[in-house]
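Provided herewith is a single structure, encoded as structure tokens, for subsequent inquiry.
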Amino acid sequence: MAAEALPATKLAYFDDMWAVEGTAVLLAQIQEKTDDGRIALILDSTVFYPQGGGQPADTGFISGPASGFKFVVEDVRLKDGLVCHYGFFESPHSDCAVIPKLGDELNLHVDPQRRDLNSRLHSAGHLLDICMHKLGLSHLEPGKGYHFPDSPFVEYKGLIPQDLVQVKQKELEKEANALILNGGKISASILSYDEASRWCGGVLPSYIAKDSSPRIVKLGDHPGGPCGGTHVKDIANIRSMKITQIRTKKGCTKVSYTIGA
Ligand SMILES: [Zn+2]
């Protein structure tokens, strides 16, 4: 079946952000016409998180139905509603690798440590938004979020006055760690635009379409804004947070952070 004719992949993490194991039916196996000729598996649903929204892709492996094959997932991308699991078949004898047939039910295994780190970094990004609100900086609209382990940050439209930058950096860090210490359950729900807007204090960011049903994340009692990513179960799981830098440039404020090991 051509990839264009396949149904959109069901995103299991939309219903359960914490599942790292699952089963799914193989719908297509595509070998890209590139030099490395990497293979993409397309399934009817997936627990793997495809890179997006500032969060890196999950890695892990796919196996089954009988023993004999293991497909190592190195990268996951969402393209036109289809989640492509990129990787390679691992076999003790590469010349006679057992490969699955279309329609087989396969077992999915996400690397739990990598998922946990990515979720902690993503939750910390939303906690930062909450702290910005609490410190009277709610006029700064969250824009790009980058929740990769190397140098995570959130960019806000609008400026913190230069003479307040150092003070706000300290206050943000203090507020974030107080909220982490306090803890609180994290959840995500798909809501109507109006309901989502109510949850988020009457305003949603301008990039959310008025005819959409946004997924809204909530951290404790605080609305964490629209989000398509995965999160830890509790604010306390972020462990600790450091605001490493605040830079203002061209009408934007970039807040960089790290989280505790
Ligand atoms: Zn998010």
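Between GLU21 and VAL72, take the C-beta separation as r, use R0 = 22 Å, and let me know the FRET efficiency to the nearest 0.05.
According to the calculation, E is roughly 0.85.
While we're looking at this one, here's another question. Which residue, GLY251, MET17, THR59, has the largest displacement toward the positive end of the dipole of the chain when charges sit on each Cβ (Lys, Arg +1; Asp, Glu -1)?
The Cα lying farthest towards the positive end belongs to GLY251.
Taking the Cα centre of the chain as origin, sum charge times position over the Cβ atoms of Lys and Arg (+1) and Asp and Glu (-1), and report the length of that vector in debye to the nearest 20.
It comes to approximately 1060 debye.
Could you tell me the calculated FRET efficiency between SER206 and LEU159, based on Cβ-Cβ distance and R0 = 25 angstrom, to the nearest 0.05?
E between SER206 and LEU159, to the nearest 0.05, is 0.90.
Around GLY64, under 15 Å between beta carbons, what's the net of Lys plus Arg minus Asp minus Glu among the other residues?
-3
Would you mind calculating the gained length between ASP234 and PHE14 on full extension (0.36 nm times residue separation, minus the Cα-Cα distance), in nm to one decimal?
Gain on extension, ASP234 to PHE14, equals 77.5 nm.
Report the net charge of residues surrounding ARG38, where surrounding means a beta-carbon distance below 13 angstrom and charges are Lys +1, Arg +1, Asp -1, Glu -1.
With Lys, Arg at +1 and Asp, Glu at -1, the neighbours total -3.
Using Cα positions and a limit of under 27 Å, work out the lysines in reach of LYS70, with same-chain residues fewer than 8 apart set aside.
Excluding near neighbours in sequence, the set is LYS10, LYS33, LYS79, LYS101.
Next question. Can you tally the lysine pairs in region 115-259 where the Cα-Cα distance is under 13 Å and the two residues are eight or more apart, or on different chains?
14
Can you work out the PRE-style zone for ASP104? Point 7 Å along Cα to Cβ, and I want the residues of region 5-36 with backbone N under 11 Å.
Under 11 Å, as judged by backbone N against the label point of ASP104, lie 26 of region 5-36.
Quick check: Cα centre of region 234-261 to Cα centre of region 37-63, how many Å?
Result: 27 Å between the Cα centres.
Given the rule -39500 (n - 2.57) for each run of at least 4 DSSP H residues, summed and divided by the residues of the chain, what is its mean residue ellipticity at 222 nm, to the nearest 500 deg cm²/dmol?
-6500 deg cm²/dmol
One quarter of the convex hull surface, Cα atoms only: what value does that give for the chain in nm²?
15.8
Tally up the carbon and sulfur contribution to the accessible surface of region 3-110 as a whole percent, 1.4 Å probe, everything protein left in place.
For region 3-110, the apolar C and S fraction of the accessible surface comes to 53 percent.
Next question, about the same structure. Please state, to two decimals, what the Cα-based radius of gyration of region 147-261 comes to when divided by 2.2 N^0.38 Å (N = residues).
1.14
Enumerate the calculated ³J(HN,Hα) couplings along region 69-74 in order (Karplus 6.51 cos²θ - 1.76 cosθ + 1.60, θ = phi - 60°), each rounded to whole Hz, writing x wherever the residue is Gly or Pro.
Karplus-based 3J(HN,Hα) across region 69-74 equals 9, 9, 9, 7, 8, 9 Hz.
What are the ³J(HN,Hα) values, in whole Hz, obtained from phi via the Karplus relation 6.51 cos²θ - 1.76 cosθ + 1.60 with θ = phi - 60°, for each residue of region 32-41 in sequence order, with x given for Gly and Pro?
6, 8, 10, 4, 7, x, 5, 9, 10, 9
Counting residues in region 1-70 as N, plug N into 2.2 N^0.38 Å and put the Cα Rg over that result.
With N residues counted in region 1-70, Rg over 2.2 N^0.38 Å equals 1.20.
Here's something else I'd like to know. Tell me the per residue accessible area of the chain using a 1.4 Å probe; a whole number in Å² is fine.
Per residue, the chain has an accessible area of 51 Å².
Picking from HIS139, VAL72, TYR86, whose Cα lies most toward the positive end of the charge dipole for the chain (charges on Cβ: Lys, Arg +1; Asp, Glu -1)?
Ranked along the dipole, the leading option is HIS139.
The values are calculated or read from the model by the stated rules, or taken from the named source; none is laboratory data. Keep in mind that this is a model prediction, so the values were computed, not measured. Quick reminder, even Gly has a Cβ in these numbers, built from the backbone with ideal geometry, and neighbours come from all protein chains shown. The protein model used for the area step is the full one, side chains on, heavy atoms only, and it has no ligands, DNA or RNA in it. Shrake-Rupley method; radii C 1.70, N 1.55, O 1.52, S 1.80 Å.
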